Amino acid sequence: MPTPFQLPPLPWAEDALDPVISARTIGLHHGKHHAAYVKKLNELVAGTRFADMALEHVIAASVGSEETQKIFNNAAQAWNHAFFWNCLRPPSDGVPAREIARRIDESFGGYAQFKEQFSKAAVDCFGSGWAWLVARGDKLEILATSNAANPLTMGATPLLALDVWEHAYYIDYENRRPEFVDAVIDRLLNWDFAAEQLEKSRPGERKAA
Ligand code: MN3
């Protein structure tokens with residue numbers, strides 16, 4: 001029996017994001033939605049060539065084929081959610097600093113412009129999907145993806161993700177997605193985690209300490 005894919009624990013307590021995201025939303029989102037993607041993925045890959053792959057490899061090997069669409073959907077959603085939890089941290093007024101702040105200024109013209117574009121991508125994403133801050137080449141970019149789609153398959157390195165499926169906000173914000181999006185951007189984004197992803201994306205350019 002291969003080791004099944006696991007539901008990773010949350011990096012903070014279920015109520016740690018309150019009042020921006022309630023403990024009830026996090027409990028359902030992680031304990032039911034995220035858990036269901038992992039469980040379904042394990043059912044789908046049992047006895048297939050995907051069973052022994054790392055999750056990123058399952059995503060890369062299943063993307064773009066109708067035959068493996070269900071495996072891709074569940075693998076990508078398992079990855080997206082594990083990534084997303086790390087993109088959030090307990091409420092603060094944190095903003096990007098140092099290298100990532102410099103790259104945001106270069107790529108968007110400043111934090112205010114970044115925020116406006118990221119918010120717009122998240123709010124305008126039609127139906128279910130994700131907004132992303134990614135590194136591609138020398139630039140940072142904002143992407144919006146539908147359903148489970150993931151920038152890893154688009155030659156981009158994710159730095160931050162924001163889940164805008166209704167299950168991410170409906171209990172707390174009902175249909176007011178823009179309010180949810182702005183509250184997460186202003187209070188919850190984990191810029192330290194984003195900076196670590198940026199650093200990992202350009203190992204050849206790492207400066208000596
Ligand atoms: Mn979700």
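The values are calculated or read from the model by the stated rules, or taken from the named source; none is laboratory data. The structure presented is a predicted model; accordingly, all values stated were derived computationally and were not measured. Cβ sites come from the backbone with ideal geometry, for glycine too, and all protein chains shown count toward neighbours. Protein only, heavy atoms only, side chains kept; ligands, DNA and RNA dropped before computing areas. Shrake-Rupley method; radii C 1.70, N 1.55, O 1.52, S 1.80 Å.
See the values below:
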quantity: Matching residues, the stretch 154-176, being surrounded by fewer than 22 Cβ atoms within 10 Å (Cβ to Cβ), assigned to a helix (DSSP H, G or I) and either under 14 Å from the mean Cα position of the chain (by Cα) or within 13 Å of the ligand (Cβ to nearest atom) (or both); calculated: GLU166, HIS167, TYR170, ILE171
quantity: Whichever residue in the stretch 75-88 is open to solvent by 20 Å² or more (accessible area, probe 1.4 Å) and not aromatic (Phe, Trp, Tyr) and, among such residues, is farthest from ASN190 (Cα to Cα); calculated: ALA82
quantity: Top-ranked residue of the stretch 18-35 - restricted to ones that are within 11 Å of the ligand (Cβ to nearest atom) and in contact (Cβ under 8 Å) with a residue 40 or more places away in the chain, ranked as surrounded by the fewest Cβ atoms within 10 Å (Cβ to Cβ); calculated: HIS33
quantity: Which numbered condition ASN147 misses (of (1) more than 16 Å from the ligand (Cβ to nearest atom); (2) at positive phi; (3) under 13 Å from the mean Cα position of the chain (by Cα)); calculated: (1)
quantity: Contacts under 7 angstrom Cβ, first residue in the stretch 177-196 being in a helix (DSSP H, G or I), partner open to solvent by less than 60 Å² (accessible area, probe 1.4 Å) and among the small types (Gly, Ala, Ser), 6 or more apart; calculated: VAL181/SER119; VAL181/ALA122; ASP182/SER119; ILE185/SER119; ARG187/SER92; TRP191/GLY94; TRP191/ALA97
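Let's see how each residue does on (1) assigned to a helix (DSSP H, G or I); (2) touching a helix residue (DSSP H, G or I) at 6+ places or on another chain (Cβ under 6 Å); (3) open to solvent by less than 20 Å² (accessible area, probe 1.4 Å); (4) modelled with pLDDT of 95 or more:
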| residue | (1), (2), (3), (4) |
| --- | --- |
| ALA60 | yes, no, no, yes |
| PHE72 | yes, yes, yes, yes |
| PRO90 | no, no, no, yes |
| GLU106 | yes, no, no, yes |
| GLN113 | yes, no, no, yes |
| VAL134 | no, yes, yes, yes |
